[in-house]
Amino acid sequence: MSGRLLALLLALATIALIVAGTLWPGASGLGAADAQARLMGSASGPQGTVHDLLQRIAGHDWSAAYNSLANKSEFSEAEFTRDLTGNYGSLRTYASLAGYDIQPLRASSDEAQVKAILRWASVVGTFQDTRDLRVVKSGERWQVVWPVVKEAKVPPQVIPVNYLRWDVIYRGAEDDWGAQDVEAPHVRIVAMHPVDRGGGVVILGEVLNEDVVPAFVTVKASLLNGKGVALANEDSFDKISHILLPKQVSPFRIDFSGVRLSQVDSVRIQPSATLVAASADPVIGIESQKLIPVPDSSLTGELVNQSGQIVNVAHVIGTFYDNSGQIVWVADGYPNRALLPETPVRFSIPLPADVSGKVSNYRVVATTYSSSHFQ
Amino acid sequence: MRIWAHILALLTAVSPFVAGQSSELQFPQRVVAGTVFSVPTSGSGEATLYIVGPSRVLQRKVRLGESIAFSAEDLHLAGPYVAVLTSGSSSRVAQFNVVASPAPAKLSFLAKPSRLPVNLSNAVSGVVYVFDRFGNLILEPQQLSFELTDSTGRKQSHAAASHNGVGWVRMNSGAKAGTATFAARAADVHETRVIQQVPGEPCTIRMAAHPGRGQRVVLETQPVLDCSGNPVPDGTIVSFSESFAGTQSTVDVPLKRGIAKTELPSHPGAVISVASGVVMGNEIRWNGGL
């Protein structure tokens, strides 16, 4: 009897939940992190207020989000929007809020401190934006004091640049078969180190453009067994700076999943280079590089655009060496703001905790993408 | 289509003659491409002459008893030919070869690489294919000469003979960077290619530092040269690196007008180094410009 009663109760509860879910569906669509955030506070409390604000941001309801702030008199709605969506076609401009975590730091009856970790989805992966938010009570209402990051602006000016560029004219289809064509650039692998990692093999290395012309470089690798049979083939994809100017060195990383280093007898590396039109600008200084130890093991620094051209998206790739000069890791990162002339932009390259302790030296290169042309 | 059907039928019919029987048609065994010649015939009446050669077929109405004349353009492609003269049910067959004219008229010249560093031995290769005026590869040995002239006018010369239509040579790149001219000659025919001789690795890189605006240090190299004294091309990347108190700043700068120039944060006591590719330059301990 009690079993039947339990079954009946469960069935009723299920029906009730289905009806509730149909009538009042979730407002966000931000996934598990959102559900977690929702559980952390009521809509009337500080965390609920932060949650509501982030919901509006996720929904691109900039006006409502701005109007809910306690300190909106300190900046305009446009500045608030630019803080979140970036400017100058940066990575942030094309990102959307994929989720967030809210962590209460402290609270009193009329003020609270909440850490909000925003996860933005972009074309090159997810990046995090952490904000320490002050939430104040004004009357019966909690409001967020938004720590606006004002986007740097460069005053209108003319910046003279000695522009250096290579253009290429290839042979034509009507040329005699013996006629010359432009020679492909000569590139060379100057370091290579395979490591066993995460259930797979990772090939780490560096490639040098030893020619006097720019090269578009890709590196392919094959893992061979004792009989010379290829176990797997991969290429460096985005873990390389593809355009190398003369005498420029780029790190590369090739990830193989599902193959153990013990199965591999030899590695065949095939760098290939194509002559491409390219520009020597912009020049990017990579300043104040510093290794951050565990638990936040990473390499941080600032990118400084030394040219006059605005860089929409930058890509930084770090090569990490041990004390014998052996490459122990290659990692990359994308700062989410555009690089304006002479304006430092922070970057961070995450480093695995187990690798962090082995690193004794490092080298960082930056690749840039500008909407006016690709470099 | 019909003519090809005729030719196929003819060749099938006369194949025993072609294989073994001497013909009554008196074609020369060896005809030089572009030669004017004639072939006598015997008998009387009308006949049809078919000549089957490499990638072409000739069909001509002839009168037996008269000579068949060939102009310079009639048989100009080198290779084996079969001639069949048919009249009614009888046919006469001849085989002959057309060979390339011995006078070179065109060279196909492959010069590689089109760009290479200075001072490399046996690094430039030149391969020449010798053709007559009809585009036939001349298989008889031909005397070839090669000449590599660098941007200062210095010349290297080599002579070689062609074998089976091809001749080749290897030469050294010169000491002076610039555009070199690589010429190949056979008789009075010549062909020219351009070889870009580029500077080698930087020999030494020397930089100097002086205070810049604000808290910056200006770094500037002397003109960067290779070990033969050639200026390293603009666009070559020079890497500056500054280490100070556990932090590092780097910048990759392209050479412009022969020098690389940039700014880094000024930290008295910082160690600043410079390199290009695998070549290291000097190192400076920055004292703040004092």
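The values are calculated or read from the model by the stated rules, or taken from the named source; none is laboratory data. Model, not experiment: these values are computed from the prediction. When we count neighbours, we look across all protein chains shown, and the Cβ atoms used for this are built from the backbone with ideal geometry, even at glycine.
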For region B:172-209, give me each residue that is within 20 Å of the chain's Cα centre (by Cα) and farther than 16 Å from residue B:151 by Cα.
B:184, B:185, B:186, B:187, B:188, B:189, B:190, B:191
Could you tell me whether any residue of region B:118-125 is under 26 Å from residue B:73 (Cα atoms) and touching a Leu at 6+ places or on another chain (Cβ under 9 Å)?
no
How do the helices (runs of 4 or more DSSP H) wholly within region A:41-103 filter down when requiring 1 or more residues that are farther than 29 Å from residue A:310 by Cβ: which remain?
A:46-58, A:62-67
Of those in region B:74-127 that are part of a strand (DSSP E or B), of a type in the set (A, V, I, L, M) and away from every other protein chain (no Cβ under 14 Å), the residue farthest from residue B:39 (Cα to Cα) is B:99
Within region B:244-255, of all residues that are of a type outside the set (A, V, I, L, M, F, W, C) and surrounded by fewer than 18 Cβ atoms within 10 Å (Cβ to Cβ), the one farthest from residue B:219 (Cα to Cα) is B:246
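Yes or no, residue by residue, for (1) of a type in the set (A, V, I, L, M, F, W, C); (2) touching a helix residue (DSSP H, G or I) at 6+ places or on another chain (Cβ under 8 Å); (3) in contact (Cβ under 8 Å) with a residue 60 or more places away in the chain; (4) surrounded by fewer than 19 Cβ atoms within 10 Å (Cβ to Cβ):
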| position | (1), (2), (3), (4) |
| --- | --- |
| A:79 | no, no, yes, yes |
| A:89 | no, no, yes, yes |
| A:100 | no, yes, yes, no |
| A:104 | no, yes, yes, yes |
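For (1) within 11 Å of chain B (Cβ to nearest Cβ); (2) among the acidic types (Asp, Glu); (3) in contact with a Leu (Cβ under 6 Å, 6 or more places away or on another chain); (4) closer than 21 Å to residue A:320 by Cα, each residue gets a yes or a no:
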{"site": "A:169", "(1), (2), (3), (4)": "no, no, no, no"}
{"site": "A:172", "(1), (2), (3), (4)": "no, no, no, no"}
{"site": "A:182", "(1), (2), (3), (4)": "yes, no, yes, no"}
{"site": "A:190", "(1), (2), (3), (4)": "yes, no, yes, yes"}
{"site": "A:195", "(1), (2), (3), (4)": "no, no, no, yes"}
{"site": "A:200", "(1), (2), (3), (4)": "no, no, no, yes"}
{"site": "A:212", "(1), (2), (3), (4)": "yes, no, no, no"}
Hits in region B:236-258 - residues which are of a type in the set (Gly, Ala, Ser), more than 7 Å from chain A (Cβ to nearest Cβ) and in a strand (DSSP E or B):
B:239, B:241, B:243
For residue B:262, all conditions in the list (1) in contact (Cβ under 8 Å) with a residue 40 or more places away in the chain; (2) over 30 Å from residue A:344 (Cα atoms); (3) of a type in the set (Ser, Thr, Tyr) hold save one; what is the number of the exception?
(2)
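Here's the yes/no breakdown for (1) under 25 Å from residue A:126 (Cβ atoms); (2) at pLDDT 95 or above:
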position	(1), (2)
A:278	no, no
A:281	no, no
A:296	yes, no
A:300	yes, yes
A:306	no, no
A:310	yes, no
A:320	yes, yes
Return a yes/no flag: does region A:96-109 have any residue that is in contact with an Asp or Glu (Cβ under 9 Å, 6 or more places away or on another chain) and either modelled with pLDDT under 90 or more than 26 Å from residue A:312 (Cβ to Cβ) (or both).
yes
Taking region A:268-297, which residues are assigned to a strand (DSSP E or B), away from chain B (no Cβ under 13 Å) and surrounded by fewer than 19 Cβ atoms within 10 Å (Cβ to Cβ)?
A:268, A:269, A:270, A:272, A:274
